[in-house]
Each structure stands twice: as C-alpha cells, then as structure tokens.
Amino acid sequence: MCKCFFCKCIESKNFQLENNFAIARFDDFPVSKGHLEVIPKRHVEDWWGASDEERKEIFNLIDEAKKMVDERFKPDGYNIGMNLGKEAGQSIMHLHVHLIPRYDGDVENPEGGVRAVIPGKQYYVKKDRPI
C-alpha cells in the first residue's frame, strides 16, 4: 500500500466528501476559509496519469465541494488549480486539485488571478483584441 500523505488520508478516512474515484478534504494549510483539496483515491502523480473516469469524477466532486463550501462559508468567488510537477510547486506527488474560495477584499487587487503564481506576471496590459 502506498504511504504518501494523501494515500494515508484516504486510508484513515480523513476527508469530508467522496465518490467512487476521489475524496475532498480541507487543506491543512488553507489560503482561505474553506480551501479544499480534491484527490483521486488511486495513487496517481499528475493529471495526465489519471483515467478519463477519474478526471470526470474529480470534477463532479469539485462541484459537490463547491456547494458545501458555498453553504458553510459563502465565498464571493473561486480559484481552481493544480500544481503539476516539482517546478510548478507540487509538493506531494499525488494528484490533487485545489478549490480555493475567494472573498471580497482578500487581496488588494485580484485581477490576473492565477497568473500571480509567477511573480510580476499577475497584472498585464489589456489591449483591444480582435474577435
């Protein structure tokens, strides 16, 4: 049996939601109230190692988790993200998707959203773009 951190969480039933292929648990180091991780039950390192069915069920569980977080915490928005590979910031080599609730005023200027993972790239000049 795999003994990575997330496999241990699954084995010990340390989670809030589950379906046949994935679990959802609150992040141990949340960046906001209600920050969850959605994790496949099968040990798979990244998105490209997951089966089509696992991917589908991960997103189904994200939808279910959002409803739970909406009811408990009433956020104003969300970021959904994955760190895939050490160079992208993945610290546990078991696929997991972050569902991060966002709240009005939680940062000074949220424009650019996930672009902020690269310092200095969050803000960009908006140009008229042809349709």
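Taken together, the values in this text are just the output of simple stated rules run on the coordinates, not laboratory data. As the structure is a computational prediction, the values presented were derived from the model and not from experiment. For neighbour counting, all protein chains shown are included, and Cβ atoms are generated from backbone atoms with ideal geometry for every residue, glycine included.
In this structure, the residue pairs whose Cα-Cα separation is over 23 Å, taken from LYS33/LYS121; LYS3/LYS67; LYS33/LYS66; LYS8/LYS86; LYS3/LYS86; LYS74/LYS121, are LYS33/LYS121; LYS3/LYS67; LYS74/LYS121.
Among LYS33, LYS66, LYS86, the largest mean-square fluctuation in a Gaussian network model of the chain (Cα springs under 10 Å) belongs to LYS86. For the chain, set up a Gaussian network in which alpha carbons nearer than 10 Å are linked by springs, and say which option among PHE15, PHE29, PHE73 fluctuates the most. Result: PHE29 has the largest fluctuation of those listed. Between the exposed loop cleavage positions of the chain, defined as GluC sites (Glu not before Pro) in a non-H, G, I, E, B DSSP state with at most 15 neighbouring beta-carbon atoms within 10 angstrom, the longest gap is 46-107. Amide H contacts under 5 Å for ASN79: ILE100, ARG102, restricted to partners 5 or more places along the chain or on a different chain, H placed in the peptide plane at 1.01 Å from N. Among SER51, SER91, SER32, the order by Cβ neighbours within 10 angstrom, fewest to most, reads SER91, SER51, SER32. On the basis of the beta-carbon distance and an R0 of 35 Å, TRP47 and VAL107 show a calculated FRET efficiency of 0.85.
Dividing the summed helix terms, -39500 (n - 2.57) for each DSSP H run of n ≥ 4, by the number of residues in the chain produces a 222 nm estimate of -7000 deg cm²/dmol to the nearest 500.
With respect to the chain, whose longest principal axis is taken over its alpha-carbon atoms, helix 52-73 is tilted by about 70°. On the beta carbon distance between VAL31 and CYS2, with R0 = 30 Å, the FRET formula returns roughly 0.70. Each Lys and Arg adds +1 at its Cβ and each Asp and Glu adds -1 at its Cβ; summed about the Cα centre, segment 5-117 shows a dipole of about 240 debye.
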